[in-house]
1. Mind ranking 322-328, 98-104, 305-311 by how tightly packed they are, going by the mean number of other C-beta atoms within 10 angstrom, highest first?
2. Using a basic spin-label model with each label point 7 Å from the Cα along Cα→Cβ, how many nm lie between MET48 and CYS241?
3. Return the subset of LYS53/LYS234; LYS65/LYS220; LYS24/LYS400; LYS119/LYS374; LYS119/LYS158 for which the Cα-Cα distance in this structure is over 32 Å, preserving the input order.
4. What list of ³J(HN,Hα) couplings, whole Hz, do you get for region 139-148 from phi and the Karplus terms 6.51, -1.76, 1.60, once you set θ to phi - 60° and write x for glycine and proline?
5. What does the extension gain come out to for LYS370 and ILE8, with contour length at 0.36 nm per residue minus their alpha carbon separation?
6. What angle, in degrees between 0 and 90 and rounded to the nearest 10, separates the Cα long axis of helix 171-187 from the longest principal axis of the Cα atoms of the chain?
7. Based on Cβ point charges of +1 for Lys and Arg and -1 for Asp and Glu, what charge dipole magnitude is obtained for region 70-131 about its Cα centre, in debye rounded to the nearest 20?
8. Expected output is a single nm value to one decimal: the length gained when fully extending between GLU94 and VAL182, i.e. 0.36 nm times separation in residues minus the C-alpha distance. What is it?
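We did not get these values from a lab; they are worked out from the coordinates using the rules stated. Owing to the predicted nature of the structure, the values given are computational and were not obtained by experimental measurement. Cβ atoms come from the backbone with ideal geometry, glycine included; neighbour counts cover every protein chain shown.
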Amino acid sequence: MSKNIQAIRGMNDCLPAQTPVWQKLEAILRDVVNRYGYSEIRMPIVEMTELFKRSIGEVTDIVEKEMYTFDDRNGDSLTLRPEGTASCVRAGNEHGLLYNQIQRLWYMGPMFRHERPQKGRYRQFHQFGVETFGMNGPDIDAEIIALTARMWQALGIKDEVRLEINSLGSNEERANYRDALVEFLKQHESLLDDDCRRRMLTNPLRVLDTKNASIQAILKDAPKLSDYFGEASKKHFSGLCERLDALGIQYQVNERLVRGLDYYNYTVFEWITESLGSQGTVCAGGRYDGLVEQLGGKATSAVGFAMGLERLVLMLETLNLTDDVRRPVDVYVVTLGEQAEIQAPAVIEQLRDELSDVRIQLNCGGGNFKKQFKKADKSGAEIALIFAEDEIANQSVSIKHLRKQQEQITLPLSQAAQAIAAEL
Ligand code: ATP
Ligand code: MG
C-alpha cells in the first residue's frame, strides 16, 4: 500500500464537526459590519512579493522570516499573502477607490505565514479585517473599536477580552524618538539579548515589546515616545480616549504597544485574552496614514484592524460557547419499498419549496427500517418522515419524533408542511 499524503504542517483541515462553529462566527462578524455600513472587498491570495516588502517593511518578522515566497513560471517573485492590508490598499489604488473618497471595507480569508505551528499559531490561518480610508480623525478609530466591541458582545466573549491602546505619534516624532531610544539602548547594550540587540539596529521600537523580563525592567528608564508628541498627536490620542470613554469601552494605555508592522502611525490597539495562553492577541490594528502613498497612491488617511479567526474559534470552544450551533439536519426521510423510494424525492422537493428554513435529508442507499432509523438518529434530525407502501398508496406521510417520546402520526400529504413546521 502506498503511503498516505498528509496536509502541510500548520495548515489545517476544518472538518464538518467544526464548520458550524466557523459559520456561526463568520455570520456574526458579517452581520456586525453590515450594521455599520461596511462593504466587502475580496482580494487575490497571491500578490507580487514587492507589495509586502514595501508595505509591511523589510525588517519585520513577517518579511524577514515568515513569507511563503516563490518564483512563478515567468520568473516573477510572488508571495502568498501574509495579511490583508497591503492587498486591500493595492486594490484600492488600482481601482481608484481611495483618493478623495470615504471607504469602509471588510474582508475575510486565509493568510499564510511560515511560523512555528502551535496552539493559536498556524501557517495557514484566517483573518477577518476592516480597512477604512479617507477619514483622519479619532472618530473613525473609535468607530472601528466600537464595532469590534460589538462583535465580542455578539459572540458572548466580551468579558474575556481587554483592550490596549497606544499612540505611535507621527512619522517624524517617531523618527526623533527612535534616535533617542537607540541612544539609550546603546548605553545598555551589554544587558540586551541577541534578539533585542539585532532589533536595536533594524527596528528599535520592537525592542519595547520584548517578552524578556529583565530587559523590560531596563526599559522602565527608557525615553518615552509620548514625550516626543506634538499637539496634533496629543489631540488625536486624547480624542480617541474621550470617545472610548463616552462609548463606555474600557481600555488600558500600554506605552509598550508598538505592533510588528512598519506602516502604523498615531493609533494602535490590540484586543487580548488570557484564555488562550501565550497566543493571546485576538485582534490588532491601527492607523496607517502613510501607506496609500507609499504604495503609489495619493496620500489618504487610513485605519483598520485584523482578527485571527482560529483564535476566536479556540475561545468559543474553550468557553463552551459552541452548544447552540445547529446540527445540519432537521428532518430525515425514511422510505420502504421500491415505489416509496422512487416517489419520495418528488414529495420532499415540494416540502423544500414550502419549508425554506427546514433542512431535509433523504435516506439514500436503501436498507431496512432499523438501519434507516439508525442513520436518522445519527443525522441529528428532530423528526423522521416515513414513506412506506401505505403512505404512497394513500397520499400520506408518517411523522416520528426522534428526540422525544411522542406517538407516531400519519396525515395527508397536503398537511405535511404545516405539521412539520409545527413540530420543529
Ligand atoms: P502575534 O503577535 O500573535 O504573532 P501579529 O502581530 O503577528 O500576532 P497581526 O499581523 O497583527 O498579528 O495579525 C492580526 C491577528 O491575526 C493576530 O492578532 C492574531 O489573532 C492573528 N494571527 C496572526 N498570526 C497568526 C498565525 N500564525 N496563526 C493564527 N493566527 C494568527
Ligand atoms: Mg506574528
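1. Working: 322-328: 11.0, 98-104: 15.3, 305-311: 21.6.
Ranked by mean Cβ neighbours within 10 Å, highest first: 305-311, 98-104, 322-328.
2. Spacing of the two 7 Å Cα→Cβ label points: 4.3 nm.
3. On the way: LYS53/LYS234 30 Å; LYS65/LYS220 29 Å; LYS24/LYS400 29 Å; LYS119/LYS374 36 Å; LYS119/LYS158 21 Å.
Checking Cα-Cα distances, LYS119/LYS374 exceed 32 Å.
4. 4, 6, 4, 5, 4, 6, 6, 4, 5, 5
5. Values: separation 362, 0.36 × 362 = 130.32 nm, distance 4.14 nm.
Answer, rounded to one decimal: 126.2 nm.
6. Value to nearest ten degrees: 70.
7. Details: 9 positive and 7 negative charges, 81 e Å.
About 380 debye.
8. On the way: separation 88, 0.36 × 88 = 31.68 nm, distance 3.79 nm.
Length gained between GLU94 and VAL182: 27.9 nm.
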